[in-house]
Amino acid sequence: MSIALTLHLLGVIIWVGGMFFAHVILRGVLNEMLEPQQRLPLLLRIFDSFFPWVWASVVGILASGYWMLFTVYETETAFWLMFMSAVGTLMAAIFIFIYALPYHQLANALKNHDMPKAVASITMIRQLILTNLSLGLLITVLTLFGKYGLF
Ligand code: HEM
């Protein structure tokens with residue numbers, strides 16, 4: 001259990017922490033300092049480097065989470081645990097959608113110098129990352145409140 005929980009929380013720290021930095025810090029500074037022609041290729045390069053870590057985190061979180069759910073918790077159906085496993089799985093599906101669609105659309109649009117298409121793709125990525133960041137923070141708060149009996 002301790003190895004699974006450690007893997008689980010390392011995945012959460014890398015993924016949710018990375019989304020927090022990208023959305024709250026990096027995005028603001030880049031918007032201030034760079035035009036879309038410079039900003040979007042830079043963001044694509046940043047996603048190229050961050051997404052492999054997200055893949056590792058998503059696989060680690062799901063594998064450790066379901067292992068703990070089916071071994072340690074067996075039939076336990078506490079709200080916080082059900083909420084975390086359902087919404088955590090939804091977050092993984094949202095990331096797979098980002099990777100499969102707007103991320104590749106952004107790369108193709110920049111290769112074809114189609115700035116309007118690139119701007120549309122980055123807008124969708126930003127909205128979905130904000131959704132996943134909000135859900136990740138909500139899961140963390142509800143899990144800790146629920147597990148330690150604060151509601
Ligand atoms: C990105 C989404 C997720 C976040 C942010 C998250 C967050 C957390 C946190 C903070 C804990 C530690 C609770 C504690 O021990 O104090 C935890 C434990 C756990 N998580 Fe997740 N989790 C996520 C996804 C999942 C998924 C998808 C599952 C199941 C499929 C899951 C199942 C579990 C289980 C079984 C535990 C052990 C509970 C315990 O500590 O006794 N989690 N998670």
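Of the residues screened, LEU10 is one that is part of a helix (DSSP H, G or I), within 17 Å of ILE139 (Cβ to Cβ), at pLDDT 95 or above and open to solvent by 90 Å² or more (accessible area, probe 1.4 Å). For residues in the stretch 35-73 being outside any helix (DSSP H, G or I) and within 11 Å of the ligand (Cβ to nearest atom), which is least open to solvent (accessible area, probe 1.4 Å)? Only one residue tops the list, namely TYR73.
Is the stretch 96-118 home to any residue that is closer than 23 Å to THR6 by Cβ, more than 8 Å from the ligand (Cβ to nearest atom) and in a helix (DSSP H, G or I)? Within the stretch 96-118 (the criterion being closer than 23 Å to THR6 by Cβ, more than 8 Å from the ligand (Cβ to nearest atom) and in a helix (DSSP H, G or I)), the answer is no, since none of the residues qualifies. With respect to the conditions (1) open to solvent by 30 Å² or more (accessible area, probe 1.4 Å); (2) under 27 Å from GLY28 (Cβ atoms); (3) part of a helix (DSSP H, G or I), ASN132 falls short on a single one, namely (1). What about GLY146, is it in contact (Cβ under 8 Å) with a residue 24 or more places away in the chain, in a helix (DSSP H, G or I) and within 8 Å of the ligand (Cβ to nearest atom)? Taking the combined requirement at face value, the residue does not satisfy it.
Before we move on, is ILE46 within 12 Å of the chain's Cα centre (by Cα) and at negative phi? No. On the given criteria, is ILE139 hydrophobic (A, V, I, L, M, F, W, C) and open to solvent by 20 Å² or more (accessible area, probe 1.4 Å)? Considered against the rule, which asks whether it is hydrophobic (A, V, I, L, M, F, W, C) and open to solvent by 20 Å² or more (accessible area, probe 1.4 Å), ILE139 comes out as no. Among the residues of the stretch 11-47, those identified as touching a residue at least 12 places away in the same chain (Cβ under 8 Å) and either touching a strand residue (DSSP E or B) at 6+ places or on another chain (Cβ under 9 Å) or more than 17 Å from ASN132 (Cα to Cα) (or both) are LEU30, PRO36, GLN37, LEU40, PRO41, LEU42, LEU43, LEU44, ILE46.
The values are calculated or read from the model by the stated rules, or taken from the named source; none is laboratory data. Quick caveat, the model's predicted, so the values are computed rather than measured. Every residue, glycine as well, gets a Cβ built from its backbone with ideal geometry; the counts of neighbours run over all protein chains shown. When the accessible area is computed, the model is the full protein with side chains, heavy atoms only, and any ligands, DNA or RNA have been set aside. Shrake-Rupley method; radii C 1.70, N 1.55, O 1.52, S 1.80 Å.
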